[in-house]
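Taking it in order: structure first as C-alpha cells, then the write-up.
Bear in mind these aren't lab numbers, they're just calculated from the coordinates by the rules spelled out. Note that the coordinates shown come from a computational prediction; the quantities given were computed from them, not determined experimentally. Neighbour counts run over all protein chains shown; Cβ positions are idealised from the backbone, glycine included.
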2 protein chains.
Amino acid sequence: MSRAPKTHLIRDTNDRAALDLMLSNGPVTKTRLGELVGLSKVTAGQLLTRLGDRGLVEVVGAQQGGRGPNAALYGVVPSAGYVAALHIGPDQITASVADITGTELATGELDPHEASDPVEAVRATVAHATRSAGITMSQLRCLSIGTPGMIDPRTGDIRFANDLPDWRAGVLEDLRRSFQRPILIENDVNLAGLAEQSAGASHGVKDSVLAWIDRGLGLAVIVDGRLHRGAGGGAGEIGYLAVPGASTPHGTDSPQHAAFQSLVSVEAMDTLARAFGLSGSGVDCVRAAVEGDVDAEPFLEELARRLALGLAGICVVLDPELCVLAGEVGRAGGSVLAGRVQKAIASLGPNVPTVVPTEISGDPVLRGALQMGLDTARDEVFTHQG
Amino acid sequence: MSRAPKTHLIRDTNDRAALDLMLSNGPVTKTRLGELVGLSKVTAGQLLTRLGDRGLVEVVGAQQGGRGPNAALYGVVPSAGYVAALHIGPDQITASVADITGTELATGELDPHEASDPVEAVRATVAHATRSAGITMSQLRCLSIGTPGMIDPRTGDIRFANDLPDWRAGVLEDLRRSFQRPILIENDVNLAGLAEQSAGASHGVKDSVLAWIDRGLGLAVIVDGRLHRGAGGGAGEIGYLAVPGASTPHGTDSPQHAAFQSLVSVEAMDTLARAFGLSGSGVDCVRAAVEGDVDAEPFLEELARRLALGLAGICVVLDPELCVLAGEVGRAGGSVLAGRVQKAIASLGPNVPTVVPTEISGDPVLRGALQMGLDTARDEVFTHQG
DNA sequence: CCCCTACTGTAAGGTTCCTTTACAATTAAC
DNA sequence: GTTAATTGTAAAGGAACCTTACAGTAGGGG
C-alpha cells in the first residue's frame, strides 16, 4: 500500500487492466469485462463510464445473438494517441506510424545520406510517415527508435554505434529537444527479441534468447519474460564471444576478425562458402543447402557447427528454454538450420534449448520498436494524470 | 484486482509488509510502522493487534527518550517458527537451525558415510541440530538443502549430482514423505549467490554473477535482483563452457578434462602450480602469491588470465554490474586476484564488471540455504490461512 | 402469437479497509 | 510547575468494491 498517494491506486490499476484487456482481446461487453478484470458488472460499468469520459473508450458496436438485449461492445478509441517507430540502418531509415491500438497506419523510408544529421533524418522520415497516416506530428505520443550500437540503460542515450558514425552520445538529448516528447532508443537486436516475444516464436516463453546472425552478430536475452539489457547495455554483444577456433579479441575494437564474429557473420559466411568451393554469397548457399542442394550440404553442416560453438556457451550460462535464429542467415536457414544447430548444441553440453527460426515477417526491428513505443505511449495515455 | 478471493487481499499485503519490516529493521513503534508501511497510526495499531492475536508479534520493550509517553516497541515473536538448513557435500553434511527472525540457534555435522541413504543422513543431522537448539523437529516449518548437482526448477527435485551418487531424482519425494513438510533443494553455487546477495558483496546489486571456483566450477546468475535458474535448472554450469585453449567438451559427461573446468578447477590449479615449478597445492600457491611471494607471481597472472577467458564470455552475454569470486580459489585470491581478473576481462571485450572477492564468512552455501528456507518459512507462517 | 427465460443495465444499500479529527494521558524540557 | 510534543484510542468519514433488486429487451417453445 506504500502511502496511498492521493492518486486512486486501485482504481487506476483496474482501469489500466481493463484497457490492456480491450487492446489484446478486442471489444468487450460490460459483463465480460467484469469477469475478465475481476470486478462486478456494476463496477465494470462505472469503470467504462470513467474511461469514456476521458475519451479512451467508446461503444463500437453491439453483441448480436444471445438471449437478452444486445449488449454494447466497448473498445479503445484508436485516435487516443499515435506512435512513430523507426529503424535506423546504415543505408536506410524506415519508419512506421500506428495508433494506440497498434494498427499500422503508414510507413516511410529515407536514404540517410540525404539528411545532414540524425535529428534531420528522423524529422524528415517521421514527417513523411505522419503525413501519409493523416495525422500531425503533435499527435505522436512518443518516438521509438531502433539502432545498432549500445544503449546506456541508465540514460537511454547511445553509447556508441560502430556502423553509424553520426549516432553518438548526445543524440537522445538532441531528439528530445527537437521533438519535445518521449524518445526511446534501443538496440536493434534487442528489439527483434521483443518482436519475437510479443508476436513470434518466443511468445509466452519465460527464458529465451534470440540470436541475430547478419552483417553483425547479436543476442537478445529474455529472462523471466523481460528483456535483459545488462548493467551497461552491453548484454548480448556476442560478436566478442571468445570461441575455440577463432582468435581471441582484443579490447573494445569491433571484433571483425576475431572471436565469434569472425566465424559466423555474413562476411565470414561468404568466405566459408568459397572455401567449400561454392559460388554465390554465403546466404545464397545457405538457401541452396536448405532447399536440398547436396553440394552445399557440408557448408551448412559447418555453419551449424560454428553457430553451436558460440550458442553452447550461451546455453551453459543461461539455459534458455528456446533459442530463436534470426537475421538474414537465421531466416535463410529456416528450420533445417535450426534443427542442425540444436543437435550440435546437444553434443557440446548439458543444456539444450529448442532451436527454431524467427517467425516474424517483415522487419523485426521495426516491429519491436513499434511494440516498445506502444508500451510507452499506453503508459502515457492511459495513466490518469490530474 | 483479479477477482478478490474471499481472502482479504490488501490487509494481507499490509500485514506481510509490516512483518518483513520488523524483521529487517528490528522492533518498531505503532507510529513508525505506520510511516514505513504507508498506513495511518490508527490502521497500524489495528494491524499490530491482529498480528498479536495470531501470535506473530509482541511488545518487546518501550522506546526511551522523546517527549511524550514511552511508545511500545513491537517485534516478531521468534518462536513463531523454525527452519533447518543443510549443506550436503561429498564428505560432510552440515546443518543449521534458526528461528523465524533468522537467529541461528544451533549447528550440526555428520559424516555422510555414517548414514545408509540421503533421507537417513538428513534425519540424523537435523535431529541432532534441533536437539541442540532446544526445539522439536515438528516445530520446523521447512527444510532447505544445498547440494551440488542440477535441480529441475519445475519439480524442485534433483536431476543429477555427479559428486553424490545417492542423491538422484526421487530424493525430494522421499524427503517429503519422511518429513511431511516443505523441502527445498537448490544447487550449492546458486545458494552461495543468494547468500552473497542477501548479506555480501552483491547486496543491492541488480545484475551480478558469482563465480564459484573450487573442486567444481559454477556460476550463480542474478538478473534484476532474482536468481536465474534456467529452463532446466542448468544455468551457470560453466564447467562446460568452451574456451580457447581447452579442448571442447563432448556430451553431458563431466567435463573434467575439457572446457573451462579443465583450466581453473582446484585440480587444474595444482597441475598449473607444478608447471610453474612451485611446490604445494594450487590454492596454497594462490595464497603465497597474494601475500607477495614473487615466485608465485607468474602463476597468479596465468590464473587470472584463464579465469578472465571464461568470465569474459559470461560478461559478453550478461554484462553484469558485479562479478564475485568465491569458492576456495576465489576466497584465497582475495582482492588481488579479483583486480587482476578485472583487468584481464577488460582486455577481452567491451563489458567490464567490477570484480570482487566474496564477503561471506563461514559456509556461504549453508548461509544461502538458510536464507532460502527463511523466505519459504515466512511465507508459510505469515500468510494468513483460514 | 404470446409468454417464458436469459440476459442487460441501473439503482439502492452494504462491506471492507483505510483516513482524518478529536481528545485524554504521559513525559521531557523550559 | 507549566508547556509542548507524543502516544494511543474513539468516532466519524470516504473510497472502492460488492450484492440484491428490478425494469427492460431479445430469442425460442408452445
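The ranking of B:Val59, A:Val352 by Cβ neighbour count inside 10 Å, starting from the fewest, reads B:Val59, A:Val352.
Compactness of chain A is given as radius of gyration and Dmax, 23.4, 74 Å, from Cα positions. The rule of thumb for compact globular proteins, 2.2 N^0.38 Å, goes into the C-alpha radius of gyration of the range B:2-145 1.35 times.
At q = 0.05, 0.06 Å⁻¹ the log10 of I(q)/I(0) for the protein assembly as shown amounts to -0.31, -0.45, computed by Debye summation with a single uniform scatterer per C-alpha, solvent ignored. Sorted from shortest to longest, the distances between the B:Glu380 label points of this copy and the other copies are 5.0 nm, with each point 7 Å from Cα along the line through the beta carbon. Across identical copies of the chain, A:Pro244 has label-point separations of 1.4 nm, listed in ascending order, with the point defined 7 angstrom from Cα along Cα→Cβ. The distance linking the range A:5-61 with the range B:147-210 is 43 Å (Cα centroid to Cα centroid, whole angstrom). Converting the Cα gyration tensor eigenvalues of the range A:66-154 into ellipsoid dimensions via √(5λ) gives semi-axes, longest first, of 34, 15, 11 Å.
In terms of surrounding Cβ atoms within a 10 Å radius of their Cβ, A:Phe160, A:Phe260, A:Phe299 rank from fewest to most as A:Phe160, A:Phe299, A:Phe260.
Taking only alpha carbon atoms, the range B:95-196 gives an Rg to Rh ratio of 0.94, where Rh is the Kirkwood radius.
Summary of the geometry: the range B:85-125 and the range A:284-351, compared by the centres of their Cα atoms, lie 45 Å apart.
Each residue, B:Asp166 and B:Asp293, gets one label point 7 Å from its Cα in the Cβ direction; the gap between the two is 3.7 nm.
When the Cα positions of B:Gly102, B:Leu48, B:Val83 are compared along the charge dipole of the range B:32-116, B:Leu48 comes out farthest toward the positive end, with charges on each C-beta of Lys, Arg, Asp and Glu.
The orientation-averaged projected area of the convex hull spanned by the Cα atoms of the range B:134-242 comes to 8.4 nm². Membrane-span-like helices in chain A, defined here as complete DSSP H runs extending at least 27 Å along the helix axis by their C-alpha atoms with mean Kyte-Doolittle hydropathy no lower than -0.5, are A:297-318; this is a sequence and geometry rule, not a statement about a membrane. Of the residues A:Val119, B:Val294, the one with the fewest other Cβ atoms within 10 Å heads the list, and the complete ranking is B:Val294, A:Val119.
When the Cα atoms of the range B:324-386 are aligned to their principal axes, the ranges along those axes come out at 59, 28, 11 Å in descending order. Ascending distances from the B:Glu297 label point to its copies in the other chains, with the point 7 Å along the Cα-to-beta-carbon line: 5.9 nm. Using just its DSSP H runs of length 4 or more, each adding -39500 (n - 2.57), the protein assembly as shown gives a mean residue ellipticity at 222 nm of -13500 deg cm²/dmol after division by all residues. Remark on the range A:153-195: hydrodynamic radius 11.3 angstrom, per the Kirkwood mean of 1/r across alpha carbon pairs. Springs between alpha-carbon atoms under 10 Å, Gaussian network over chain A: tell me which of A:Gly310, A:Gly362, A:Gly225 tops the mean-square fluctuations. Looking only at A:Gly310, A:Gly362, A:Gly225, the largest GNM fluctuation is found for A:Gly362. Find me the longest stretch of chain A that has none of the exposed trypsin sites (Lys or Arg not before Pro), where exposed means in a DSSP loop (not H, G, I, E or B) with at most 12 other Cβ atoms within 10 Å. Here the longest segment lacking exposed loop sites spans A:155-386. Measuring spread by the Cα atoms of the range B:290-347 yields a radius of gyration and Dmax of 11.4, 36 Å.
Taken along its three principal axes, the alpha carbon spread of the range A:1-80 comes to 47, 28, 21 Å, from the longest extent down to the shortest.
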